[in-house]
1. Would you be able to tell me the number of residues in the stretch 561-576 that are under 14 Å from C596 (Cα atoms) and open to solvent by less than 40 Å² (accessible area, probe 1.4 Å)?
2. Any residue at all in the stretch 123-132 that is away from ligand 2 (no atom under 16 Å from the Cβ) and either of a type in the set (S, T, Y) or surrounded by fewer than 19 Cβ atoms within 10 Å (Cβ to Cβ) (or both)?
3. For the stretch 380-436, give me each residue that is in contact with a Ser or Thr (Cβ under 6 Å, 6 or more places away or on another chain) and open to solvent by 20 Å² or more (accessible area, probe 1.4 Å).
4. Within the stretch 78-89, is even one residue open to solvent by less than 10 Å² (accessible area, probe 1.4 Å) and within 16 Å of ligand 2 (Cβ to nearest atom)?
5. Every residue in the stretch 136-165 that is away from ligand 2 (no atom under 16 Å from the Cβ) and open to solvent by 40 Å² or more (accessible area, probe 1.4 Å), please.
6. Considering (1) touching a helix residue (DSSP H, G or I) at 6+ places or on another chain (Cβ under 9 Å); (2) more than 16 Å from ligand 2 (Cβ to nearest atom); (3) more than 21 Å from I370 (Cβ to Cβ), say which one A289 fails and leave the rest.
7. Being out of contact with any helix residue (DSSP H, G or I) (no Cβ under 9 Å at 6 or more places or on another chain), open to solvent by less than 70 Å² (accessible area, probe 1.4 Å) and at pLDDT 95 or above is the requirement here; does A591 meet it?
8. Answer yes or no: is there a residue in the stretch 256-263 that is outside any helix (DSSP H, G or I), away from ligand 2 (no atom under 16 Å from the Cβ) and over 30 Å from R330 (Cα atoms).
Amino acid sequence: MERKKLFTQVDGLLHGGDYNPEQWLDRPDILEKDIKYMKDAHINTVTMGVFSWAVHEPTEGNINFDWLAEIMDRLYENGIYTVLATPTGARPAWLDEKYPSAMRCNEMGVRNHHGVRHNHCMQSPEFREKVRIMDSKLAERFAGHPGLLMWHISNELGGYCYCDTCRKKFQEWLADRYDHDIEKLNKAWWTTFWSHKFNSFDQIDPPYANGENCVLGLNLDWKRFSTWSATDFMRFEIDTLRSAGAKEPTTTNFMEMFYDYDYHYMKDFIDVISWDNYPEMHNNWQTDADHLLERSFNHALFRSMKRDKPFMMMESAPGLVNWRPFNKYRRPDMHELISMQAVATGSDTVQYFQIRKSRGSSEQWHGAVIDHIGTNDTRVFKEVAKLGEDLESISEVAGTLSDNKVAIIFDWDNRWAIDDAWALAKETKKFDETCMNIYNVFMKLGVEPDIISSDMDWSGYKIICAPMLYVLHDGVGEKIADFVKNGGQFMSTYFTGYVNKDLLANLGGFPGDGLSEVFGLRSEEIDTLYPEDRNSISIIDRAGKPSHSIEVRDYQELLRDVTADVLARYNGDYVAGKPAITRNNYGDGRAYYVACRTKQEDIEFIYREMLEHAHIAYTKLPAGIEKHTRYAEDCAYDFYLNCTTEEIVVPNVTGTDLITKDKLAGSLSLKGYQIAVIRR
Ligand code: GLA
Ligand code: ZN
């Protein structure tokens with residue numbers, strides 16, 4: 001595949017991160033040392049201006065960027081590029097004092113006091129006007145600067161505002177969505193129930209904590225609206241920069257498994273996907289390898305949002321964070337492993353929060369490249385510098401892309417709707433976990449899945465898994481049918497196809513929207529088990545005899561009208577003898593249905609079978625090894641990560657290790673936490 005470089009200015013990978021020199025303007029000696037240390041650490045980029053509003057504009061209208069220009073120039077002279085942020089992540093006191101509408105209202109409709117960050121009202125006209133002035137001036141001053149790589153819009157956009165302006169915007173948004181026809185909305189939200197009918201759009205409130213929050217359609221549309229509102233704010237900032245002459249690419253930093261907004265909607269309005277990766281290593285409930293697989297899932301989620309270019313790991317912590325319940329230091333060599341995992345999965349950057357540790361306030365104990373001790377010989381600094389060197393050794397992977405044939409569907413509104421549904425059991429719904437567990441099974445077979453939405457382009461995929469796809473967007477039933485008809489392997493589970501995009505139950509049997517035919521079955525009941533309840537299923541062997549048995553927990557569906565092949569039947573409880581896993585030949589493909597919850601590794605045979613049907617090669621990797629591949633025009637790069645502390649030998653590896661320069665012909669031996677990048 002052709003390399004797709006993110007930036008023309010930089011040849012290799014980016015290494016660097018958030019840098020807040022505005023905290024040290026009275027210490028020129030420190031600023032000078034920072035540049036020297038950055039060079040020692042092979043750092044070639046910084047992100048500046050994220051929280052600089054109060055320095056940019058200490059009093060209203062008194063805007064001055066000279067401090068920033070000077071530092072940006074000096075960094076550029078030293079080969080260090082800048083990602084420049086708009087400073088809207090936090091507001092100066094004068095702004096909130098004069099324009100209180102900038103401050104968000106909470107879920108009771110009560111306005112916040114000034115303070116903290118990431119808490120502006122996205123729709124406040126007064127705030128927008130201040131943002132417009134600030135962003136225009138930033139672009140006028142810095143667009144086209146040779147050291148400027150890209151624009152970073154605000155910071156970690158998130159949260160909901162329940163103010164009056166947002167309430168009115170919500171009503172307008174709803175009127176638009178329902179063609180200005182309140183009866184359409186009443187139908188979609190099924191408001192005859194509990195006398196919840198509305199006569200006009202202006203009667204509708206956000207789902208206040210002390211108001212209407214039992215109309216599920218309203219709850220869901222509020223989340224969709226809030227996604228729209230944040231995106232609208234982000235687009236406003238981008239448009240402002242563009243009209244003031246900015247031509248550089250844009251991004252905004254996303255967060256792991258983020259819940260508030262549908263990133264699949266937001267992704268289309270920025271040029272490059274970036275996200276902030278904060279693993280909780282060496283924790284007390286998981287192995288490092290299992291935790292890293294969760295990271296890997298997130299990387300895959302963000303990578304898959306734009307498959308035609310690399311993504312960016314915009315933030316990660318050198319050493320440790322300071323906001324987890326327990327803030328443990330990364331053990332030696334973990335820094336390289338976490339950082340290289342990002343590159344392995346498709347990131348062209350390893351960026352940190354932060355270059356230099358703050359002296360005071362809430363993040364003073366958060367990890368940084370340069371610590372309070374102020375030297376370039378700390379353990380963390382040396383690990384960062386070593387990584388910087390290794391990133392230079394593998395610089396040829398920049399611009400290379402993944403090329404995966406397996407995908408897992410992960411829709412945001414499906415997540416929200418499952419959690420909000422008054423059904424199943426609150427504590428065991430576990431949609432995210434189910435998707436991750438399926439991802440893990442493939443990863444352990446050496447096959448990397450993408451994580452996509454039901455609305456994205458599915459071309460190129462041969463296997464798609466859509467566990468618990470409770471909400472079916474318009475046209476998705478047909479899309480699945482076409483995918484299978486044309487030879488795809490599709491897998492789904494219990495709690496699939498129950499409702500349409502408005503959350504109205506599909507009539508005529510589940511899964512709805514034509515899927516009963518694709519799967520060759522209908523689901524009549526979904527039974528919720530208590531956490532300690534167990535059932536089991538028996539896998540039917542080729543001779544039609546029950547072979548081994550597998551444990552069932554949490555959920556079991558009672559199927560009927562099954563015309564598909566039965567791969568497993570229930571052993572116990574009132575569903576004994578009934579089909580539990582099925583496979584339906586449909587057109588040229590196959591549709592698998594798993595009607596109950598099992599451990600994913602217990603049903604690995606299904607995934608193997610799908611891989612075989614799709615002619616995708618796989619080999620079980622040694623436990624604790626992660627493998628990722630990036631492709632260039634003329635070669636491929638296999639990344640092997642040893643996510644354990646033990647030495648592991650990986651068989652069947654040939655090629656050149658870009659870091660050790662070893663030529664491998666047969667096997668690769670990796671020490672604890674060691675990684676290898678093999679060109680083949
Ligand atoms: C987030 C923010 C940063 C910083 C880090 C700390 O990712 O974007 O400003 O607060 O967390 O981990
Ligand atoms: Zn608001």
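The values are calculated or read from the model by the stated rules, or taken from the named source; none is laboratory data. In this text the structure is predicted, and so the values were computed from the model without any measurement. Here the Cβ is made from the backbone with ideal geometry for all residues, glycine too, and neighbour counts use every protein chain on show. Heads up: the accessible areas ignore ligands, DNA and RNA and are worked out on the full protein's heavy atoms, side chains in. Shrake-Rupley method; radii C 1.70, N 1.55, O 1.52, S 1.80 Å.
1. Counting residues in the stretch 561-576 that are under 14 Å from C596 (Cα atoms) and open to solvent by less than 40 Å² (accessible area, probe 1.4 Å) gives 6.
2. Yes, the stretch 123-132 contains at least one residue that is away from ligand 2 (no atom under 16 Å from the Cβ) and either of a type in the set (S, T, Y) or surrounded by fewer than 19 Cβ atoms within 10 Å (Cβ to Cβ) (or both).
3. Matches in the stretch 380-436: L424, A425.
4. Looking through the stretch 78-89, at least one residue is open to solvent by less than 10 Å² (accessible area, probe 1.4 Å) and within 16 Å of ligand 2 (Cβ to nearest atom).
5. Hits for the stretch 136-165 are K137, E140, R141, G144, P146.
6. (1)
7. Against the criterion (out of contact with any helix residue (DSSP H, G or I) (no Cβ under 9 Å at 6 or more places or on another chain), open to solvent by less than 70 Å² (accessible area, probe 1.4 Å) and at pLDDT 95 or above), A591 does not qualify.
8. Yes: the stretch 256-263 contains one or more residues that are outside any helix (DSSP H, G or I), away from ligand 2 (no atom under 16 Å from the Cβ) and over 30 Å from R330 (Cα atoms).
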